[in-house]
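Structure in structure tokens, see below.
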Amino acid sequence: MPELLIELFSEEIPARMQAKAADDLRQMVTNALVDAGLTYEGAQAHGGARRLTLSVEGLNAKAADVAEERKGPRVDAPQQAIDGFLKSTGLSLDQLKVQDDKKGQFYLAVIRRPGRAATEIISSVVPDTIRKFPWPKSMRWGSGTLRWVRPLHSIVCTFDGEVVPFEIEGIASGNVTRGHRFMGSQHIEVRRFEDYALKLAREFVIVDATARAETIRTEARNLAFAQGLELIEDEGLLKETAGLVEWPVVLMGSFDESFLTVPPEVIATSIKNHQKCFALRNTMTGQLANRYLMVANLVAKDGGKTIIAGNNKVIAARLSDAKFFWDQDRKVKLEDWAAKLDSITFHAKLGSQGERVARIEALAGEIAKAIGADEFKARRAARLAKADLVTGMVGEFPELQGLMGRYYALDQGHDPEVADAIRDHYKPVGPSDTIPVSKVGQAVALADKLDTLVGFWMIAEKPTGSKDPYALRRAAIGAIRIIIEAGVRLSLVNVIFFQDRLIMADLLKGARRDVVRRLPLFEEFKDESPFKQLIETSEAAVNALLKGPSAAPPQEWEQRNYTDLMNFVIDRLGFALRERGLPIDLINSVFALGGNGDLLMIVKRVEALSKFLETDDGKNLLAGVKRASNILRIEEKKDGKSYDGDVQISQLIKGEEKALHTAITQTVGQTRRAIEHEDFEAAMASLSKLRVPVDQFFEHVTVNDKDATFRENRLRLLNRIRAATQEVADFSKIEG
């Protein structure tokens with residue numbers, strides 16, 4: 001079947017934009033073609049340094065004919081109305097149909113429109129796509145109004161091998177493309193994607209970005225292996241370099257061995273950021289080598305010697321800068337670097353970086369005590385964790401924050417566990433990253449993330465929709481991963497409240513009391529609120545706010561601050577557990593019971609509940625509990641009261657209701673003991689014993705008995721079913 005080929009040839013497209021641009025081109029064109037009535041079998045799009053390419057295979061040559069039915073006036077309507085309908089449809093009276101409905105007979109017009117030719121559709125779709133293309137950044141050039149990422153030079157557009165003619169801003173479509181800027185022909189006639197890709201390959205252009213990346217990977221590995229070296233893989237750099245070249249040629253350069261005294265991550269980052277080069281390691285020692293790989297965009301006549309020599313000079317200059325930063329930074333103690341954080345604003349409403357570090361240190365110490373980590377080391381690591389932010393090296397390479405702190409800490413004789421915690425406190429930085437290994441690192445990482453969450457929640461800077469400027473979702477997910485993967489037992493309620501008071505104290509101690517008064521949390525409190533009165537008293541407020549983590553959160557605080565933030569954390573937990581096959585409704589059913597925010601116990605309970613509900617006992621009990629809850633909800637609403645009183649045993653007259661009451665009494669005791677021992681499997685096993693009594697009760701007992709006394713007693717018995725299962729979860733929140 002016919003094929004549509006499109007190439008949009010321009011000056012260099014930034015590598016970071018190419019993949020999305022290719023996908024946008026595919027979606028925009030194919031969606032428009034389908035909307036116009038065409039169908040296709042498949043489409044592939046490619047992005048490169050100077051071109052976006054789209055091939056749509058199996059595209060119909062013509063859109064299907066369309067028949068539109070339009071209801072007209074009644075047959076006995078005024079002639080003027082009928083004439084107007086005929087004019088709007090372009091039909092004559094004898095071409096109309098007459099149909100009946102409840103109101104009588106009416107005219108029906110069937111308007112048939114022949115399908116448009118594919119070339120006609122394409123000639124309007126492609127220019128429209130070009131004009132509306134969603135580049136993150138675009139420019140105009142010359143005197144035209146067209147915007148493109150870089151000046152657009154030519155457009156290839158062929159259908160079934162023939163040019164689809166159109167023009168946009170003086171650029172006429174055609175079938176001529178260009179090869180490599182330096183090595184290829186500048187006039188290549190093409191008809192279909194197959195010969196397009198083949199001819200360009202002959203002219204030193206690899207159209208497929210994946211193929212370019214694999215070429216770089218293979219050549220790099222082979223060149224490194226031949227020199228007894230190993231490529232340090234970097235997928236991000238690989239994709240970027242594949243977008244910078246059309247005909248990749250891998251070359252090896254070198255730098256002076258004296259630079260190897262600089263940390264290997266600094267060298268790798270420097271040559272990557274400045275020259276887009278790959279670092280290498282020695283296969284025998286595993287140490288960084290004084291060689292590197294670059295990707296050229298041409299086959300040089302001298303074998304690349306000139307390119308390598310020029311690159312070596314630039315690399316040497318960049319590494320000299322890095323070595324200068326390394327040498328100078330080490331002359332200053334981390335404690336002195338940390339002191340400079342007092343003059344750096346973290347956020348206008350949350351104080352300086354120094355104040356934030358003090359809060360993180362206090363919280364890290366409390367968390368360390370709770371999880372069995374060394375409190376002194378945790379506080380020490382937290383105190384120094386952000387010190388490298390003001391060093392020259394991190395100023396040049398921000399992505400090395402934390403890592404450089406570790407190197408400086410080790411260089412100055414700090415405990416290795418403290419140094420590792422400084423490096424790891426940002427972890428995990430993404431879904432593929434690991435959590436901190438040591439408990440000290442976990443304590444500091446949790447303190448950092450929870451301080452971020454509590455602080456921005458306090459000043460009402462919460463994520464909204466797709467906007468999350470302070471990466472609060474990432475902070476929550478990171479904290480959750482540490483808690484779950486490391487098996488950390490922690491009361492998030494107490495931790496959040498403790499940090500809330502630390503932040504409030506910082507605001508009160510500084511010159512930001514006006515900020516406190518504008519906080520949404522403060523504004524919501526009533527004038528007589530003890531918490532508000534506390535804020536109004538200067539130094540006494542600070543001291544009272546810092547009583548310690550054992551102080552219970554005031555009810556007002558818990559309702560306004562804890563619930564909203566905990567719901568946010570639970571939502572993030574839901575996303576994490578969904579990947580493990582655990583539905584969000586089970587998490588909500590467990591979280592609804594309240595508690596101290598021990599996420600690890602929530603997860604274990606959810607896992608046990610999930611297994612239970614997969615059994616026949618679990619499914620049937622869930623149905624029975626929901627039936628009991630629905631009856632209670634209806635009857636309580638109708639009667640205007642709740643049936644949470646004690647069941648009167650003397651009024652249980654049927655064997656099934658007596659058996660159910662006995663089973664509930666036994667089950668509640670067994671379930672509570674199992675939960676106290678955190679044996680959730682046993683708790684579910686206890687609940688399973690309710691299945692048969694519940695089924696028998698509903699089968700043989702009428703709840704809404706004519707006798708009001710029996711009815712009320714049986715409704716109380718239903719409430720006991722609901723209460724018994726709520727020892728484990730709120731079954732009303734479980735779907736199914």
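The values are calculated or read from the model by the stated rules, or taken from the named source; none is laboratory data. Values in this document were obtained by computation on a predicted structure and should not be read as measured data. Counting neighbours? That spans all protein chains shown, and the Cβs are built from the backbone with ideal geometry, glycine included. Quick note on the areas: whole protein, heavy atoms, side chains included, nothing else; ligands and nucleic acids left out. Shrake-Rupley method; radii C 1.70, N 1.55, O 1.52, S 1.80 Å.
Would you mind putting 75-82, 663-670, 582-589 in packing order, based on average other-beta-carbon counts within 10 Å, highest first?
Packing proxy ranking, top to bottom: 582-589, 663-670, 75-82.
Radius of gyration and Dmax for segment 1-55's Cα atoms, expressed in Å?
Every Cα atom of segment 1-55 included, Rg and Dmax give 11.9, 35 Å.
In Å, what Rg and Dmax follow from the Cα atoms of segment 332-436?
Spelled out, the Cα radius of gyration and Dmax of segment 332-436 are 13.3, 38 Å.
May I pose another question? Say the dipole of the chain comes from +1 at the beta carbon of Lys and Arg and -1 at that of Asp and Glu; which of A339, A685, A224 then lies farthest toward its positive end?
The Cα lying farthest towards the positive end belongs to A339.
Something else: Leaving out ligands, DNA and RNA but keeping every protein chain, what accessible area does T261 have, in Å² rounded to the nearest 10, with a 1.4 Å probe?
Ignoring ligands and nucleic acids, T261 comes out at about 90 Å².
Using 0.36 nm per residue, how much length does the chain from T283 to E194 gain when fully extended, once their Cα-Cα distance is taken away?
Gain on stretching T283 to E194: 27.9 nm.
Rg/Rh for segment 1-156 to two decimals, with Rh computed the Kirkwood way over all alpha-carbon pairs.
1.22
For segment 451-510, what ratio Rg/Rh do Cα atoms give with a Kirkwood hydrodynamic radius?
On the Cα set of segment 451-510, Rg over Rh gives 1.02.
Average the reciprocal distances over every distinct pair of alpha-carbons in segment 292-376, invert the result, and give the Kirkwood radius in Å.
Computed over segment 292-376, the radius equals 17.7 Å.
Also: What is the ratio of the Cα radius of gyration of segment 221-318 to 2.2 N^0.38 Å, with N the residue count, to two decimals?
Dividing the Cα Rg of segment 221-318 by 2.2 N^0.38 Å gives 1.01.
A follow-up question, please. So what does R147 come to for accessible area, using a 1.4 Å probe and Å² rounded to 10?
Near enough 110 Å² of accessible area.
While we're looking at this one, here's another question. Go ahead and estimate [θ] at 222 nm for the chain from helices alone: -39,500 (n - 2.57) per DSSP H run with n ≥ 4, summed, over the residue count, rounded to 500.
-16500 deg cm²/dmol
Something else now. Return the tail of the calculated pair distribution for segment 175-216, meaning the percent of Cα-Cα pairs more than 18 Å apart.
Distances greater than 18 Å cover 24 percent of the Cα pairs.
Using each residue's phi in segment 601-617, evaluate 6.51 cos²θ - 1.76 cosθ + 1.60 at θ = phi - 60° and report the 3J(HN,Hα) Karplus result to the nearest Hz, with x for Gly and Pro.
5, 4, 5, 4, 5, 5, 4, 5, 5, 4, 4, 5, 6, 7, 8, 4, 4
Let me know the charge dipole size of the chain about its Cα centre in debye, to the nearest 20, where only the beta-carbon of Lys, Arg (+1) and Asp, Glu (-1) is charged.
700
Mind giving me the FRET efficiency for N222 and E461? R0 is 56 Å, r the Cβ-Cβ distance, nearest 0.05 is fine.
It comes out at approximately 0.65.
Let me ask you something else. Order 384-395, 215-226 from most to least packed using the mean count of other Cβ atoms within 10 Å.
Top of the packing list down: 384-395, 215-226.
Thinking of segment 600-702 as a set of Cα atoms, what percent of all their pairs are more than 24 Å apart?
Counting every Cα pair in segment 600-702, those more than 24 Å apart make up 31 percent.
Farthest toward the dipole's positive end in segment 71-219, which of M183, F204, F133, given Cβ charges of +1 (Lys, Arg) and -1 (Asp, Glu) about the Cα centre?
Value: F133.
Taking a probe of 1.4 angstrom, what is the accessible area of F182 in Å², to the nearest 10?
Per-residue accessible area (F182): approximately 150 Å².
Largest first, what is the accessible-area ranking of W148, W337 with a 1.4 Å probe?
Result, largest first: W337, W148.
Given a 1.4 Å probe and heavy atoms of the protein chains only, how would you sort S124, S610, largest accessible area at the top?
Most to least solvent-accessible, the answer reads S124, S610.
On to the next question. Sketch the reach of a paramagnetic label on R633 as a point 7 Å from Cα along Cα-to-Cβ, and name the residues of segment 700-736 whose backbone nitrogen lies under 13 Å away.
731-736, by backbone N distance to the label point.
Continuing with the same structure: Calculate one ³J(HN,Hα) per residue across segment 6-12 by plugging θ = phi - 60° into the Karplus curve 6.51 cos²θ - 1.76 cosθ + 1.60, and present them in order as whole Hz with x for glycine and proline.
Values, residue by residue: 10, 9, 10, 9, 9, 6, 3 Hz.
Just by accessible area at a 1.4 angstrom probe, what is the order of Y426, Y107 from largest to smallest?
Correct descending sequence by accessible area is Y426, Y107.
Per residue, what volume in Å³ does the Cα convex hull of segment 265-408 take up?
163
Could you list the square roots of 5 times each eigenvalue of the Cα gyration tensor of the chain, that is, the equivalent ellipsoid semi-axes, sorted largest first and rounded to whole Å?
56, 49, 26
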